[in-house]
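Q: This is the structure I want to talk about, given as structure tokens.
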Amino acid sequence: MLNRFARALFTRIFTPVARLFLKWGISPDVVTIVGTIGVCVGALAFYPRHQFFWGTVVIAVFVFSDTIDGVMARLSGRSSRWGAYLDSTLDRVGDSAIFGGLVLYYASAGHSAVMASLALACLILGSVVSYAKARAEGLGMTANVGIAERADRLVAVLLATGLVGLGLPEVVLGVVLGLLAVASLITVFQRMLTVRRQAFEAA
Ligand SMILES: CCCCCCCC/C=C\CCCCCCCC(=O)OC[C@H](COP(=O)(O)OP(=O)(O)OC[C@H]1O[C@@H](n2ccc(N)nc2=O)[C@H](O)[C@@H]1O)OC(=O)CCCCCCC/C=C\CCCCCCCC
Ligand SMILES: O=P([O-])([O-])O[C@@H]1[C@@H](O)[C@H](O)[C@@H](O)[C@H](O)[C@@H]1O
Ligand SMILES: [Mg+2]
Ligand SMILES: [Mg+2]
């Protein structure tokens, strides 16, 4: 949803940064890679120690590299199949680190099997959401639908985790993770139905 409505706005916001990076001779691939490392460090160094606010701040700084890399590629006429592959593959690494960081905390010092399970459910179902689209595209179809696309999932988990880091009760994060898991599951079915329709239309 956000991907549709906010992409143009965020492209405008980050175009000056993208131009600056290109002027400095930085390539889109470097931004993709450094951004992913930053997200992983933010998630895995801070979340397992219950430093939810600072972890979210670090992740939020680096996560927009995913918008900037694409803008850079298009501005410089360097959009490539390799870049698309690198971008999507490293997105999975960053997403796994975010939910994995929460799993690590709640499965150890946080002592909450329920919260750990909810975060794990979001990790797994979010990956299936992405796979459902990637596999469809690999078969020459599209599955560009769903109520919980990547930008939606990230905004939900980062806002809730950041706010809990600022003092909101932990149950807020539990509710958001629960809703996100359900929304991700619904998205998987939305994508499967879209692909099924195309597969039978083509037959
Ligand atoms: C000035 C800073 C402002 C910051 C404001 C922060 C406030 C946040 C509030 C709301 C957030 C709203 C989120 C908006 C969503 C953004 C929409 C968007 O742009 O989504 C899509 C993108 C990119 O997706 P993708 O990678 O698929 O596309 P690309 O454009 O990259 O194109 C891909 C093609 O490009 C080519 N290519 C790419 C790379 C490469 N190396 N080579 C290439 O050739 C190739 O052709 C590819 O096919 O972005 C995202 O999905 C990013 C996620 C954004 C969501 C982050 C949400 C963070 C929000 C909140 C955090 C709260 C923190 C608060 C902390 C404190 C709490 C109180
Ligand atoms: O599929 P999803 O997770 O909702 O959303 C995402 C896509 O919108 C994006 O184009 C791609 O680069 C990401 O890797 C990811 O797949
Ligand atoms: Mg990107
Ligand atoms: Mg991406």
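The values are calculated or read from the model by the stated rules, or taken from the named source; none is laboratory data. Bear in mind that the values here come from a model prediction, so they are computed numbers and not experimental data. Please note: Cβ atoms are built from the backbone with ideal geometry, for glycine as well, and neighbour counts cover all protein chains shown.
Q: Read through the list (1) out of contact with any Asp or Glu (no Cβ under 9 Å at 6 or more places or on another chain); (2) within 16 Å of ligand 2 (Cβ to nearest atom); (3) among the hydrophobic types (A, V, I, L, M, F, W, C); (4) over 30 Å from Leu102 (Cα atoms), then give the number of the only condition that Phe62 fails.
A: With respect to (1) out of contact with any Asp or Glu (no Cβ under 9 Å at 6 or more places or on another chain); (2) within 16 Å of ligand 2 (Cβ to nearest atom); (3) among the hydrophobic types (A, V, I, L, M, F, W, C); (4) over 30 Å from Leu102 (Cα atoms), Phe62 is out only on (4).
Q: Search segment 100-124 for residues that are surrounded by 18 or more Cβ atoms within 10 Å (Cβ to Cβ) and at pLDDT 95 or above and pair each with any residue that is assigned to a helix (DSSP H, G or I) and aromatic (Phe, Trp, Tyr) when their beta-carbon atoms are under 6 Å apart and the residues are at least 6 apart or on different chains.
A: Qualifying pairs under 6 Å: Gly101/Tyr47; Leu102/Tyr47; Tyr105/Tyr47; Met115/Tyr106; Ala116/Tyr106; Ala119/Phe99; Cys122/Phe99; Leu123/Phe99.
Q: For segment 85-99: of the residues being within 11 Å of ligand 1 (Cβ to nearest atom) and β-branched (Val, Ile, Thr), which is surrounded by the most Cβ atoms within 10 Å (Cβ to Cβ)? Steps first, please.
A: Within segment 85-99, the first condition is being within 11 Å of ligand 1 (Cβ to nearest atom), and the residues that meet it are 85-91, 94-95, 98.
Among the residues that remain, those that are also β-branched (Val, Ile, Thr) are: 89, 98.
On the way: Thr89: 12, Ile98: 27.
So the residue we want is Ile98.
Q: Please pick out the residue among Met72, Met115, Met141 that is farther than 29 Å from Pro28 by Cα and either in contact with a helix residue (DSSP H, G or I) (Cβ under 8 Å, 6 or more places away or on another chain) or of a type in the set (A, V, I, L, M) (or both).
A: Numbers: Met72 fails: farther than 29 Å from Pro28 by Cα; Met141 fails: farther than 29 Å from Pro28 by Cα.
Only one candidate qualifies: Met115.
Q: Can you name every residue in segment 47-84 that is away from ligand 3 (no atom under 11 Å from the Cβ) and buried (at least 22 other Cβ atoms within 10 Å of the Cβ)?
A: Kept after step one, since they are away from ligand 3 (no atom under 11 Å from the Cβ), are these residues of segment 47-84: 47-62, 75-78, 80-82.
Residues satisfying the conditions are Tyr47, Phe52, Gly55, Thr56, Ile59.
Q: Quick check on my filter: what residues within segment 1-55 are of a type in the set (Phe, Trp, Tyr), closer than 29 Å to Leu180 by Cβ and without any contact (Cβ under 8 Å) to a residue 40 or more places away in the chain? Even if it seems obvious, please write down each step before you answer.
A: Narrowing segment 1-55 to residues of a type in the set (Phe, Trp, Tyr): 5, 10, 14, 21, 24, 46-47, 52-54.
Subset that is closer than 29 Å to Leu180 by Cβ: 5, 10, 14, 46-47, 52-54.
Phe5, the sole residue that qualifies.
Q: Determine, yes or no, whether Leu139 is closer than 30 Å to Gln51 by Cα and among the hydrophobic types (A, V, I, L, M, F, W, C). Please lay out each step first, then the result.
A: Working: closer than 30 Å to Gln51 by Cα: no; among the hydrophobic types (A, V, I, L, M, F, W, C): yes.
No: the conditions fail for Leu139.
Q: Identify, from the list Gly94, Gly146, the residue that is on the phi > 0 side of the Ramachandran plot, within 16 Å of ligand 4 (Cβ to nearest atom) and of a type in the set (Gly, Ala, Ser). Break it down stepwise before answering.
A: Working: Gly94 fails: on the phi > 0 side of the Ramachandran plot.
Step by step, each of Gly94, Gly146 is checked, and only Gly146 is on the phi > 0 side of the Ramachandran plot, within 16 Å of ligand 4 (Cβ to nearest atom) and of a type in the set (Gly, Ala, Ser).
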